[in-house]
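Notes follow the structure.
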Amino acid sequence: MDSESAYDGSTEELPFETGSEEAVGVIYGNVGTTHFNVRVMSTIERMEYVQFEHPSDGLVLGQVSEVERRTDLSLEKAKMYSEGADINIEEKVTARIDILGFRDDRHLLQVPRTPCRAGTEVLKASDDLIREVIGLKENTDTGAYLGLLFGHNIRIESDINSMVQKHVSILAKTGGGKSFLCGALVEELMKHDVTVIVFDPHGEYGSMRVKGTKQESSRDFGVVPHSYKDKITEFATDLQINPKAKPLKFTLANIEARDLLGLTNVKSARNYLTMLRKAMDAVKGVKRDFSLRDLIRVLEADDEHQNSSLINELEYLSEVGIFGDKGTRIDELVQRGRCTIINMKGTPPDIQELIAERLCSALFELRKADKIPPLMLVVEEAHNYCPQQGQVASSKVLRTIASEGRKFGLGLTIISQRPAKIDKNVLSQCNTQMILKVTNPNDLKAITSSVEGLTSGMAEEIQRLPIGVALMMGGSIQMPLLVEVRPRESKHGGESVEIIPSRRV
Ligand SMILES: Nc1ncnc2c1ncn2[C@@H]1O[C@H](COP(=O)(O)OP(=O)(O)OP(=O)(O)O)[C@@H](O)[C@H]1O
Ligand SMILES: [Mg+2]
């Protein structure tokens, strides 16, 4: 059919026979090489996939970016209509289609270089064409199953090697479903025997030991409830509120006086640094494994200097209890094929930053020397450990891992509700992005500037995403995709707390 005889969309019947895929409508008006309009004669929604035959390139995949109902009800007639006048409203539905492309003979993704003809029939895309053009592989050995393509029964699997080598970011506003999705990702990593370390500031991930409950859902995700208790070891700094965990301890032997002072509220006092250094040297002279108590004793014995504020601060640190004579051994923490949760619930923020710095530095150095297995490091609330503004103890090492970790098989997954507050150098290194609902304009700006290939249409989409739907892109995912996140196999620990419990316990 040539453009002269183009179908004008004036009847509700399609002028040709259709195949097994459902007909959507026909192309009309001016036709571009990146997008065109379709007169819609069935129902179609934004973000749905369509297919059409290009004269020289064969079957091409497109996606609906906008649907519009055009009517002849004028402003004047609308008033009469509201007053009960009998007015016949003519309606035409049109959709804008963005062209995604086709696979050529060598299986490379191509976009047609010439426009399609007006009058060309547009159909709903077959799942096979979607899989082929987008490059989706299902049930692969290295795929982490994270959900189903929105509106289709196609499994979305992100390649684990690509995620470990090129890092991941999971971003959404608070309550947007980040931890839920990250939990699904960690489940997949455990299933594939990947070594995982999770920095868990709120103590949410220990619940993965508990089998989840089957959720009623209109879609069958094929998820079976499962407990990961055999795969998880949990360490915590505060055993009083986390009694099931093993203690996480650091030795003072390899901590600098400056870093120790940095954890106190007297960090700026210069003479305290000298005093502390002296006291540490004195203790080290007699004891290899020493405690804060030993240091305090030396400082108390010093009558010459006014050091009571320093002693008080060290007393406080001693109560926090992260420093012990014997530190937790790294081979206890990192166990091949297992997930280690570092539960920091109840630990003050500056101590958490120090723990992150100590652990990340150790993991990076040991991974460089190949003394621990390749692993995925998951950092919840990443804006606290590598902020864009200011410097905290863990800032530098996280930046190093983001830029160099890939060379050593040290993957990073960062999670945050404030993308604008994460160090850009870290965020921009995350190749696989999983973005749930975000509404804050600054956060949207941070996302659009750090994510390659994100169109303004997609930025709009991010603001409107329903809970449980993520925009995923990058890494092994070749095009931005809307993904309905799969239910959890194990229990999600980040449930919102209700003020009035429905049942007394
Ligand atoms: N895919 C999903 N399917 C079903 N429920 C979900 C899904 N994603 C999130 N939820 C529910 O939404 C709530 C918030 O999810 P989640 O704890 O993951 O949010 P978050 O983004 O981590 O929030 P915060 O910023 O507070 O950490 C939870 O109660 C969870 O059960
Ligand atoms: Mg969370």
- Query: Any idea how many residues of the range 310-359 are out of contact with any helix residue (DSSP H, G or I) (no Cβ under 8 Å at 6 or more places or on another chain) and among the polar types (S, T, N, Q)?
  - Reply: 3
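Residue by residue, here is whether (1) farther than 23 Å from residue 26 by Cα; (2) hydrophobic (A, V, I, L, M, F, W, C) holds:
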| site | (1), (2) |
| --- | --- |
| 67 | no, yes |
| 77 | yes, no |
| 93 | no, yes |
| 97 | no, yes |
| 120 | no, no |
- The correct count of residues that are assigned to a loop (DSSP other than H, G, I, E, B) and free of Cβ contacts under 8 Å to residues at least 24 places away in the same chain in the range 124-140 is 5
- Task: Filter the range 133-170 down to the residues that are in contact with a Ser or Thr (Cβ under 9 Å, 6 or more places away or on another chain) and charged (D, E, K, R), then identify the one that is farthest from residue 406 (Cα to Cα).
- Result: 137
- Task: Take residue 459 and decide whether it is in a helix (DSSP H, G or I), of a type outside the set (Asp, Glu), in contact (Cβ under 8 Å) with a residue 60 or more places away in the chain and more than 16 Å from ligand 1 (Cβ to nearest atom).
- Result: no
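A quick yes/no check of all residues on (1) over 27 Å from residue 255 (Cβ atoms); (2) more than 16 Å from ligand 1 (Cβ to nearest atom):
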{"site": "371", "(1), (2)": "no, yes"}
{"site": "408", "(1), (2)": "no, yes"}
{"site": "429", "(1), (2)": "yes, yes"}
{"site": "433", "(1), (2)": "yes, no"}
- Within the range 104-143, the residues that are buried (at least 19 other Cβ atoms within 10 Å of the Cβ), of a type outside the set (A, V, I, L, M, F, W, C) and touching a helix residue (DSSP H, G or I) at 6+ places or on another chain (Cβ under 9 Å) are 143
- Message: Is it the case, given these coordinates, that residue 222 is surrounded by 20 or more Cβ atoms within 10 Å (Cβ to Cβ) and either part of a strand (DSSP E or B) or within 16 Å of ligand 1 (Cβ to nearest atom) (or both)?
- Response: no
- Positions within the range 352-403 being part of a strand (DSSP E or B), buried (at least 21 other Cβ atoms within 10 Å of the Cβ) and more than 16 Å from ligand 2 (Cβ to nearest atom), in sequence order: 375, 376, 377
- Task: Kindly check whether there is at least one residue in the range 180-189 that is under 26 Å from residue 386 (Cα atoms), of a type in the set (Gly, Ala, Ser) and part of a loop (DSSP other than H, G, I, E, B).
- Result: no
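Here, each number is a calculation from the coordinates, and none is a lab measurement. Values in this document were obtained by computation on a predicted structure and should not be read as measured data. Every residue, glycine among them, receives a Cβ derived from its backbone with ideal geometry; neighbour counts consider all protein chains shown.
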